[in-house]
Amino acid sequence: MAITACLIGLVLPGCDTLVTEITELTIAGHPTAEFGLDTNSVDSGCVPLTVTFIDKSSGPHDEWSWYFGDGDSSNDTNPTHTYDSAGTYTVTLFIRDTEGIDEEPGVDNEVKNRFIIVGTTVDSFSAAPDSGCPGMEVTFSPIDYGGITNWTWNFGDGKPGSSDSNPTHVYDTAGEYSCTLTVTGECGAKVIGYDSLIKITQCPEARIWADKFEGCVPCTVIFDDSTDYGGKVDTLVFWDFGNDMTSELRSDTIVYAEPGKYTVKLTAYSEGGVGTDSIPDFITVYGPPETEINALTPLEGCLSGEFQFQVRFQALLTNFVDSAMYDSLIWFFGDGTRSDTADPMPLDVVHAYDTNGQYTVTLQSYGPCYFDGDSAMENVAVDYVCVSWPIDTTVVAFTVDPSTDTIFDPATELTFTDITPGFKTGWLWNLGDDNQRMDSTFLYTYADTGTYIVTLTVGTCCDSYTIEKTIIIAEVPEGTARKESDNPSAEH
């Protein structure tokens, strides 16, 4: 049975390659490969560097194959090897059990990446990204290096270099740039470089074109890609129209269904790089000139001989996007008057009422985007404003018909009528038998005989007042003919 396991080495930008192990394991006689260095050996030094390797493997094995990473190998158990060139070297040990208990020999190996570092060395370096537009930032990362105490980078564009191991550099001008890295250490120096490593080309200059910049809901806008691609042929675009709609078309027609200000962004791609044009609040879409109205003072109150009843109103522009949505506002206060014509946009008004009454207040708002055949929207501010003079308590009264103090015959239909003069807004009758009415006049028949205290509360916008009267309903005396009710269907 063969089982293979592999642990792969990892390279991180700006760091030495991590020393990891790769193990190919076939279980037979169960050998496990492992090696290290003799106690008198070191894993780094100057050329020539002589190293003695020690087999530390466990389990039965009787063959060894060493690979030193520089092209040389050995079959000794604990070989000694001399490195004659600077560099970083991966060392591998294969072991074999030729007398395994299985039909196949037991084999195992251990690999140590960059285990031996000889001299001042760096194998190569990477640059990411290596192409783009002016203003592109590039990160440089050395690969497989060691024995370095000083770094010198030349980025090829005439700007100052860097002494960092992992520098970043910004290229501002189109062109091709060669880059060089010089490293020094106790064992000497090494120079590596690449011609035309960095390619900076002029990015597309993204430009947005639209056939309009504002309009009423629904607002239809035609957009077009007016980007200067510098003669590049292989190009792409991506639009973001600011209303959760995107497109990859050169030209597109977009309908804005909601009022608002919309930022439009165009991203243009070519083999030279990426260009972006983003215009805040590029499209303004107007809706109907909708309003809401607040009453900032009480809507009910009393008139007096010296003062009128004043109400303060405030208009809220609920669909507000831009002042151009609202041409003018006109208040109608319900008493035949309107707001001052000298002020086309009265957002905050005070109106004085001087006559008893209930008044409906409306606000007309005008703008370019109203679509019901008129340019105005009418908004009811409040159901009513209610003002009145205080109640004259000396004249509050009501009548009961028949008007006698005692009503003989419970079947008699009574007529209750408020005769209080003046403006009133409501009535509340308590008929003394747990029944109520809220009309100024009505018919009523008591179900039983008894004494009933009837109260009437009359109300105005200003106050209320209550009066009462006692009604006695008695049985018809014996020997008296009973009078049939004139209205048998009256309320009970």
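The values are calculated or read from the model by the stated rules, or taken from the named source; none is laboratory data. All values derive from a computational prediction rather than experimental measurement. All Cβ positions, glycine included, derive from the backbone under ideal geometry; neighbour counts span all protein chains shown.
Evaluating Asp62 against the criteria (1) modelled with pLDDT under 95; (2) farther than 20 Å from Gly106 by Cα; (3) among the acidic types (Asp, Glu) leaves one unmet condition, (2). Restricting segment 104-130 to residues that are outside any strand (DSSP E or B) and in contact (Cβ under 8 Å) with a residue 60 or more places away in the chain, the residue that is nearest to Trp66 (Cα to Cα) is Pro105.
Scanning segment 195-209 for residues that are in contact (Cβ under 8 Å) with a residue 60 or more places away in the chain and either under 21 Å from Gly242 (Cβ atoms) or touching a Phe, Trp or Tyr at 6+ places or on another chain (Cβ under 9 Å) (or both) gives Leu197, Ile198, Lys199, Ile200, Pro204, Glu205, Ala206, Arg207, Ile208. Scanning segment 155-181 for residues that are under 25 Å from Gly119 (Cβ atoms) and either surrounded by 17 or more Cβ atoms within 10 Å (Cβ to Cβ) or at pLDDT below 95 (or both) turns up Gly161, Ser162, Ser165, Pro167, Cys179, Thr180, Leu181. Of all residues in segment 319-336, those that are within 30 Å of Ile222 (Cα to Cα), surrounded by 14 or more Cβ atoms within 10 Å (Cβ to Cβ) and of a type in the set (S, T, N, Q) total 1. Just a yes or no: is a residue in segment 322-330 closer than 30 Å to Gly215 by Cβ, part of a strand (DSSP E or B) and touching a Lys or Arg at 6+ places or on another chain (Cβ under 8 Å)? Yes. Here Asp463 fits the description: modelled with pLDDT under 95, of a type in the set (D, E, K, R) and more than 18 Å from Ile407 (Cβ to Cβ). Within the set Ala381, Ala315, the sole residue that is surrounded by 16 or more Cβ atoms within 10 Å (Cβ to Cβ), small (Gly, Ala, Ser), at pLDDT below 90 and part of a strand (DSSP E or B) turns out to be Ala381. Is it the case, given these coordinates, that Glu63 is in contact (Cβ under 8 Å) with a residue 60 or more places away in the chain and either farther than 27 Å from Ser163 by Cβ or touching an Asp or Glu at 6+ places or on another chain (Cβ under 7 Å) (or both)? The answer is no for Glu63. Considered as a group, the residues in segment 238-259 that are within 30 Å of Tyr326 (Cβ to Cβ) and small (Gly, Ala, Ser) include one that is surrounded by the fewest Cβ atoms within 10 Å (Cβ to Cβ), and that residue is Ala257. If you go through segment 214-237 and keep only what is among the hydrophobic types (A, V, I, L, M, F, W, C) and surrounded by 15 or more Cβ atoms within 10 Å (Cβ to Cβ), you end up with Cys216, Val217, Cys219, Val221, Phe223, Val237. Per this entry, Asn294 is counted among residues that are in contact with a Phe, Trp or Tyr (Cβ under 9 Å, 6 or more places away or on another chain), farther than 30 Å from Gln202 by Cβ and loosely packed, with under 14 Cβ neighbours inside 10 Å. Contact map, segment 223-247: residues that are farther than 21 Å from Phe282 by Cβ paired with residues that are assigned to a loop (DSSP other than H, G, I, E, B) and of a type in the set (S, T, N, Q), Cβ distance under 6 Å, separation 6+ or inter-chain. Pairs shown: Gly230/Gln202.
Working carefully through the options Val221, Val255, find the one that is at pLDDT 90 or above, farther than 30 Å from Thr355 by Cβ and under 24 Å from the mean Cα position of the chain (by Cα).
Val255
When segment 190-241 is filtered for residues that are among the aromatic types (Phe, Trp, Tyr), part of a strand (DSSP E or B) and within 30 Å of Pro368 (Cα to Cα), the ones remaining, listed by number, are Trp209, Phe223, Trp239. When segment 207-218 is filtered for residues that are among the hydrophobic types (A, V, I, L, M, F, W, C) and at pLDDT 95 or above, the ones remaining, listed by number, are Ile208, Trp209, Ala210, Phe213.
So that you can scan it fast, the table gives a plain yes or no per residue for (1) outside the structural domain of Asn356 (by TED's automatic domain parsing); (2) in a strand (DSSP E or B); (3) over 20 Å from Leu303 (Cα atoms):
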{"position": "Phe416", "(1), (2), (3)": "yes, yes, yes"}
{"position": "Thr420", "(1), (2), (3)": "yes, no, no"}
{"position": "Phe442", "(1), (2), (3)": "yes, yes, yes"}
{"position": "Val454", "(1), (2), (3)": "yes, yes, yes"}
{"position": "Val458", "(1), (2), (3)": "yes, yes, no"}
{"position": "Cys461", "(1), (2), (3)": "yes, no, no"}
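When Thr152, Thr184 are checked against the criterion of being more than 30 Å from Leu37 (Cα to Cα), surrounded by 14 or more Cβ atoms within 10 Å (Cβ to Cβ), touching a residue at least 12 places away in the same chain (Cβ under 8 Å) and not assigned by TED's automatic domain parsing to the domain that holds Phe35, a single residue qualifies: Thr152.
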